[in-house]
């Protein structure tokens, strides 16, 4: 745990005098923090990359960035990082929005004493750890629901491997042997892809966010998606726009599988499940300030089903932890975790449903300004 | 390799139905080597469309497939007078309700990874397919070829 003495706190504040006050406040008391201060967003992003602080205290208005765009930039570069934002007395609305975006807390400038500052940062770290553990714990639920389908898939792969090994042994000539070896390699590659996806899903702690392509994410996630779908449900994938996004691929798998499992459960009699990705302008709420202007696109991942639909009366509760319509077979954590993951990557989530006609969940993720890594 | 099965004067015809291409290709190749004439289909619908040309002596089908799965395929084959006598063997990656599958009309359920002597097993099913059963009375398999799932 990093909640013991010596939290490493990055202080981002361009007012030198106020920065000095905060620095002293954080470094004082019975559990002094190790404080590093920078005065602009570029410096903050650089320090987050280099020094991986335990928490950030962030002024939203800096020389090179203003308003919630500052917070978005910090969260996009480090979704796991607890952030406490600094606001003015009149900025309650901005503070609320900051919490929705994923900040842990806010402090009002001019109303601070050292104890309040210390407590806010420590609680921010503590809360963030708890949600991290929730997201991780929910993976166990997913893993349990995957086990049956994955065993099926592995048995397919093993059938092909054992069968083609026999073909190699029985090959009458070099050409037949080469053909059998080719089948053997293909089967092995499928097994490797499957185990890679499982490991990516299970990874703990999550890797730092990387820039990855949406097409690659959907392509590699498909193997697990296929494993959880019974044959009465038709999987259709596409169109899939290739947009670079910054996130942890394992958490994306978790998000996708949660949505797919919900879609599956909504179609007990079968139906069609469609996964698509489109490049779209950002949601109006996210399109503000100069920072948003640099990344004019969002990748919108949609998971649609032709199932029973969602009763409008329960729509407001969909993302509440422990809210479930599945009785004892559901934990009610799936969509809560989806919302948490979407928050981490600076995204937004939107549900459209008609009773008896089906549901579409759209997750929009901000496009990264740099190309996807390998 | 020994020559084709002695019981048959012509090569027995089998239709292999699986949406996993590599599984289908491996099975098709192995069964050809064992003396079968092999036809392939990627799902139940394709299998139904191939039936008139392939005219198989036996259908070996995966269960979980898009569009038309193995259970639907078997039920449809049993419903059609022209194909009701063709034994249908299901292959699957996990435990199944075998009593139900027998009701649907499957002659046998085998579990992936498949037994090494798959060809011999399929031949035994063909040899057990008496003229009476070919006429449509397929509910009682003579020697209970249903395999048990591997122990957990």
### Summary
Expected unfolding gain across residue A:195-residue A:272 under the 0.36 nm per residue rule, minus the alpha-carbon gap, is 25.1 nm
### DSSP beta bridge pairing in the protein assembly as shown, given as percent antiparallel to the nearest 5
40
### Task
Could you check which residue among A:19, A:187, A:176 shows the biggest mean-square fluctuation in a GNM of chain A with a 10 Å Cα cutoff?
A:176
### Query
How would you rank A:142, A:314, going from fewest to most other Cβ atoms within 10 Å of each one's own Cβ?
A:314, A:142
### D (Stokes-Einstein, µm²/s), Kirkwood Cα radius, chain A, 1.002 mPa s at 20 °C
95
### Task
With a 10 Å radius around each residue's Cβ, average the other Cβ atoms per peptide and rank A:91-99, B:100-108, A:151-159, B:11-19, highest first.
B:11-19, A:151-159, B:100-108, A:91-99
### Query
How many nm is it between the label spots at residue A:17 and residue A:373, if each spot is 7 Å from the Cα in line with the beta carbon?
4.3
### Message
Helix-only mean residue ellipticity at 222 nm, chain A, DSSP H runs n ≥ 4 weighted -39,500 (n - 2.57), per residue, nearest 500. What is it?
### Response
-16000 deg cm²/dmol
#### Entry: Folded to 0 to 90 degrees: helix A:214-228 orientation relative to chain A principal axis, Cα
60
### Task
Can you tell me what the convex hull of the Cα atoms of segment A:8-112 projects to on average, as an area in nm²?
6.0
### Query
What list do you get for B:68, B:74 if you sort them by fewest beta carbons within 10 Å?
B:68, B:74
### Task
Tell me the label-point distance for the pair residue A:165, residue A:64, using the 7 Å Cα-to-Cβ offset, in nm and rounded to one decimal.
5.7
### Query
With axes computed from alpha carbons, what is the tilt in degrees of helix A:41-51 against the longest principal axis of chain A, rounded to the nearest 10 within 0 to 90?
60
## Note on the structure
Here FRET efficiency (C-beta to C-beta, residue A:151 to residue B:32, R₀ 22 Å, nearest 0.05) is 0.15
### Task
Obtain the nm distance between the two label points defined at residue A:172 and residue A:313 by a simple spin-label model: each point lies 7 Å from its Cα along the Cα-to-C-beta direction.
7.1
## Note on the structure
One finds, for residue A:89 and residue A:323 with R0 = 35 angstrom and r their Cβ-Cβ distance, a FRET efficiency to the nearest 0.05 of 0.45
### Message
Which one, A:74, A:301, A:34, has the greatest fluctuation when you compute a Gaussian network model over chain A with C-alpha springs under 10 angstrom?
### Response
A:34
## Note on the structure
Cα extents of segment B:13-134 along the principal axes, largest first, in whole Å, come to 31, 29, 28
### Query
What's the FRET efficiency of residue B:55 with residue A:354 using the Cβ-Cβ distance as r and R₀ = 45 Å, to the nearest 0.05?
0.45
### Query
How far is helix A:16-27 tilted off the main Cα axis of chain A, in degrees rounded to 10, range 0 to 90?
70
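Every read-out reported here was derived from the displayed coordinates using simple, explicitly stated rules and does not represent laboratory data. Model, not experiment: these values are computed from the prediction. In this analysis, Cβ positions are derived from the backbone assuming ideal geometry, glycine residues included, and neighbour counts consider all displayed protein chains.
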